[in-house]
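Values quoted throughout were computed directly from the atomic coordinates according to the rules given, and no laboratory measurement underlies them. Quantities reported herein were computed from a predicted structural model and do not represent experimental measurements. Cβ placement follows ideal geometry from the backbone for every residue including glycine, while neighbour counts extend to all protein chains displayed.
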Amino acid sequence: MFACVHALESADLSLVEFAYGFSPVVEEVRPGTVVIDVEGCELLFGSPYQLAGEVVRRAETTVNIALAANPDAAIHAATYLKGITFISPGEELTCLGDFPLARLDHSLVNVEKKVADEIRETLRLWGVRSFGDFASLPAAGVSERLGPAGIKLQQLATGKTERHLKVKQPAPVFANSIELEHPLSELEPLSFIFARLLHHLCAALNAYALATNELCVTMQLADQATHERRLSLPYPMLDHKVFLKLLLLDTEMHPPQAAVRSVAIACEPVKPRVLQNGLFVPLAPAPDKLELTLARLAKLVGEQNIGSPVVLDTHRPDAFSLKRFSLQTNADIRKRRKAGAGALNRPSRIDDELCLGFRTFRPPLRAIVEIDQGCPAQVSAWSKQRSVYGKVVSRAGPWRTTGDWWRDDRWARDEWDVMLERQGQQSLYRIYRELETEHWFVEGNYD
Amino acid sequence: MRAALSKAQLEADIGSRFGDAFKIHDKAVVETLSTGVAEIDSLTGGLPRGCISEIFGPASSGRTSLTYSLLAYATAHEETCALVDTNDVFSPTAATEAGMDFDRLLWIRCAGDLEHAFKATDLLLHAGGFGLVILDLGDVAGKDARRIISSWWYRFRRTVEDQPTVLTVVSEEACTRSCAALALELKGTPEWSRAQSNVLPMRKPAPVKPLLRHNSIKVNQMRPVTPWIHESQFRAVSF
């Protein structure tokens, strides 16, 4: 037995949520109309008649209710008949037989609107006006003249369709939390809490064949503050051991400021990554291992010190930034291959001009430069890590560069390339003089 | 002849009791990664995979140019590369001109901390899957480089030997000792590419000719598969 509830007013009442109060098997036909499978609800609500009364009593707005053995018959009855309607099995046409064909909801049997309109027009020309007229036509003749769509519509009008409800599943929530009896201030006991939560979370994701690429950890602290961390992963993953290690590394790098009273972990569900590596693609690090390695490296040298370099679009010397290192996808590789098909077969660079290497001193070494006839003659510079000094045996320059004069961090300098000789060994350095301060610096070494 | 006969007789007598102990194993073919410089490739056959290679020489001898060439070649061939920059001296601006694909390069800046550099290299090697890992010790003073304990190098050698990774150490002095399967010593002096001038040009020209073309390279090739057999070959080549 199916009960269809049709709300007459567009009230705030969420019919689906309302319907879940009676049965978990609910189909939302359209906004404002739901079908409930009430089979087996007798123990809770009594007979179907009592159930209908209970629905009307609980609903905060005016609703039509129809109970029928066929869900589509119940939908038609609830949509067009006011109040409570009961249709006994096999008596569908008694109730719906006088309905005009225009009320036949073709979407219930997956017939296209254009096809349904053509069939209605044909039936109108035949003088068929109502559900009852249509149901009385012989099925063989309808099939011969109107095709499978005609048969489907005739079964719909008769109330003899056979289908399962398209059950609307409540949206799964992938979140887990735990309240602690005593606040935890050390990482080791916290790791057991993380492990437990992540294990459940990954099991839930696995049940839906999903993975996640973002974890959100919220910790309520003993000083009433909230500590929230988000772990973004470049690829969807589903390994609770990897998540646990990443989370522990992140918590070590960004520890909460007080003892932890409760932990909640939520994740963003996404489709798992499906990857088929090519036979001729060079080996690359496994994504989960790479993520762990990057997290460990970030803990070792600092997050700001690892990544892929990006040269900035400016003339400022040594202008670059670092972006997060990630493996390229197959699509990226294909795009690159298409763009630079000849790159792999390029000849050795020895015949071309070899690129000159340069080692940048960060920060530049403050230098004392002796000037002879306007040119550097002797350079001396020291720091904890390195020292540069020697007599200038040859030089080239100066080259003046300036830029960003409208900003506080503007630069203006004269660059020289100088060959220094020290203990018989010659080395080539780039030195510059800041025009504002008249200070000399060693920028780096050509190597 | 008597000795040979007695050896054959000995093998025939007890060989069956010791499995393949007397069997002569073929030397495994070592895969290599090209440096991108034809002359060095013809000398060395490229850098051996699964081994440590060392490039050392004084400042301005072409170590960095060779490193750029190596990285450019490896990234162009879709290898995933990592550069452990001990003294934070890598210049992305200069490296762009070498044709390096930065999307395939992981740059780790260690700000002068030698211990961090070694730990980072260890993490990278244990992660696996990197085609080329470069440990740049080029600005580490010779006395500090000599103090690096050998166990680090043995550990690295043991880690990479089952992987297709090329671990390259760039330094001022040879420091990997017997652990390197290939050692390239660069001895060169820079040479100006053109007459120096004080006239301000519109664009700054390259100051010197490519350093590697005027270099004297000393190759020390050890047997990479059985590194405990010190069968060294030294060749000094100028080009």
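Once you order the gyration tensor axes a ≥ b ≥ c over the Cα atoms, which shape class does segment B:74-146 get: rounded for a/c under 1.5, otherwise prolate or oblate by comparing a/b with b/c? Note, shape of segment B:74-146 comes out oblate. Where only DSSP H runs of four or more residues are counted, chain A gives -9500 deg cm²/dmol as its mean residue ellipticity at 222 nm, each run worth -39500 (n - 2.57). Contact order normalised by length for segment A:1-156, with contacts defined as Cα pairs under 8 Å and 6 or more residues apart; what percent is it? Relative contact order for segment A:1-156 comes out at 20 percent. Cα axis of helix A:139-158 to longest principal axis of chain A: angle in degrees, 0 to 90, nearest 10? The angle comes out at about 90 degrees. Seen against the Cα atoms of chain A and their longest principal axis, helix A:187-207 is set at about 50 degrees. Applied to segment A:412-421, the Karplus parametrisation 6.51 cos²θ - 1.76 cosθ + 1.60 on θ = phi - 60° returns per-residue 3J(HN,Hα) values of 7, 7, 10, 9, 10, 9, 10, 9, 9, 10 Hz, with x for Gly and Pro. Over all orientations, segment A:119-196 has a Cα convex hull whose mean projected area works out to 10.4 square nanometres.
Charging the Cβ of each Asp and Glu at -1 and of each Lys and Arg at +1, and nothing else, the dipole of segment A:155-214 about its Cα centre rounds to 760 debye. Subtracting the Cα-Cα distance of A:SER232 and A:SER321 from their residue separation scaled by 0.36 nm leaves 30.0 nm.
For segment A:178-334, the relative contact order comes to 25 percent (Cα pairs under 8 Å, sequence separation of at least 6). The residue among B:ALA12, B:ILE149, A:MET253 whose Cα reaches farthest toward the positive pole of the charge dipole of the protein assembly as shown, with charges on the beta-carbon of Lys, Arg, Asp and Glu, is B:ALA12. Between helix A:287-301 and chain A there is an angle of about 40 degrees, using the helix long axis and the longest principal axis of the Cα atoms. Based on alpha-carbon atoms, the Kirkwood radius and the radius of gyration of segment B:50-99 give Rg/Rh equal to 0.95. The relative contact order of segment A:358-446, computed from alpha carbon pairs under 8 Å that lie at least 6 residues apart in sequence, is 29 percent.
Note on A:THR218/A:LYS271: beta-carbon distance plugged into 1/(1 + (r/R0)^6) with R0 of 25 Å gives a FRET efficiency of 0.50.
Taken as Cα centroids, segment B:92-167 and segment A:239-264 sit 29 Å apart, rounded to the nearest whole angstrom. Amide H contacts for A:TRP382 (H built 1.01 Å from N in the peptide plane; partners 5 or more residues away or on another chain; cut-off under 5 Å): A:VAL388. Annotation: segment A:84-213 has a Kirkwood hydrodynamic radius of 19.5 angstrom, from the mean reciprocal C-alpha pair distance. Restrict the search to segment A:68-160; then list the GluC sites (Glu not before Pro) that DSSP places in a loop and that have at most 13 other Cβ atoms within 10 Å of their Cβ. Those that pass, being in a loop and sparsely packed, are A:GLU112.
The Kirkwood hydrodynamic radius of segment A:2-158, based on inverse pair distances between different Cα atoms, is 16.3 Å. Across the protein assembly as shown, Cα-Cα distances exceeding 46 Å account for 48% of all pairs.
For segment B:25-181, a Kirkwood hydrodynamic radius built from all Cα pairs, placed in the Stokes-Einstein relation at 25 °C and 0.890 mPa s, yields a translational diffusion coefficient of 158 µm²/s. For segment A:183-235, the percent of C-alpha pairs falling in each 10 Å distance bin, counted from 0 to the bin holding the largest distance, reads 20, 46, 28, 6.
With 0.36 nm allotted per residue and the present C-alpha distance subtracted, the A:GLU186-A:ALA377 stretch has 62.7 nm of extension available. Computed from label points 7 Å out along Cα-Cβ, the spacing between B:LYS7 and A:ASP408 is 7.9 nm. Dipole orientation for segment A:2-158: of the candidates A:ALA68, A:VAL38, A:SER130, A:SER130 has the Cα lying most toward the positive pole (charges on Cβ; Lys, Arg +1; Asp, Glu -1).
Under the rule a/c < 1.5 gives rounded, and otherwise a/b versus b/c splits prolate from oblate, where does segment A:347-441 land using the Cα gyration tensor? Oblate is the answer for segment A:347-441, as a/c is 1.5 or above yet b/c matches or exceeds a/b.
Once you reduce segment A:42-109 and segment A:355-415 to the center of their Cα atoms, the two points are 89 Å from each other. In a reduced charge model with +1 at each Lys and Arg Cβ and -1 at each Asp and Glu Cβ, segment A:2-158 shows a dipole moment near 460 debye about its Cα centre. Suppose R0 equals 35 Å; then what is the FRET efficiency for A:ALA225 and B:ASP122 from their Cβ-Cβ distance, rounded to the nearest 0.05? Calculated transfer efficiency: 0.40. Rounded to the nearest 20, the Cβ-based charge dipole of the protein assembly as shown about its Cα centre (Lys and Arg +1, Asp and Glu -1) stands at 2080 debye. When the Cα gyration tensor is reduced to axis lengths a ≥ b ≥ c, the ratio a/c is 1.5 or higher for segment A:178-334, and with a/b not above b/c it is classed as oblate. Positive end of the dipole of segment A:178-334 (Cβ unit charges, origin at the Cα centre): among A:LEU180, A:LEU221, A:ALA319, the Cα lying farthest that way belongs to A:ALA319. Counting Cβ atoms of other protein chains within 10 Å of each Cβ in B:31-39 and taking the mean gives 2. By the beta-carbon count within 10 Å of each Cβ, the least crowded to most crowded order of A:HIS439, A:HIS164, fewest first, is A:HIS164, A:HIS439. Taken residue by residue and averaged, Cβ atoms of other chains lying within 10 Å of the Cβ of A:289-297 number 5. Sorted fewest first by neighbouring Cβ atoms within 10 angstrom, A:ILE36, A:ILE119, A:ILE368 come out as A:ILE368, A:ILE119, A:ILE36. Applying 1/(1 + (r/R0)^6) with r as the Cβ-Cβ distance of B:LYS187 and A:LEU435 and R0 = 45 angstrom yields a FRET efficiency of 0.75. The lysine pair tally for segment A:60-209, using Cα distances under 20 Å and a gap of 8 or more places or different chains, is 4.
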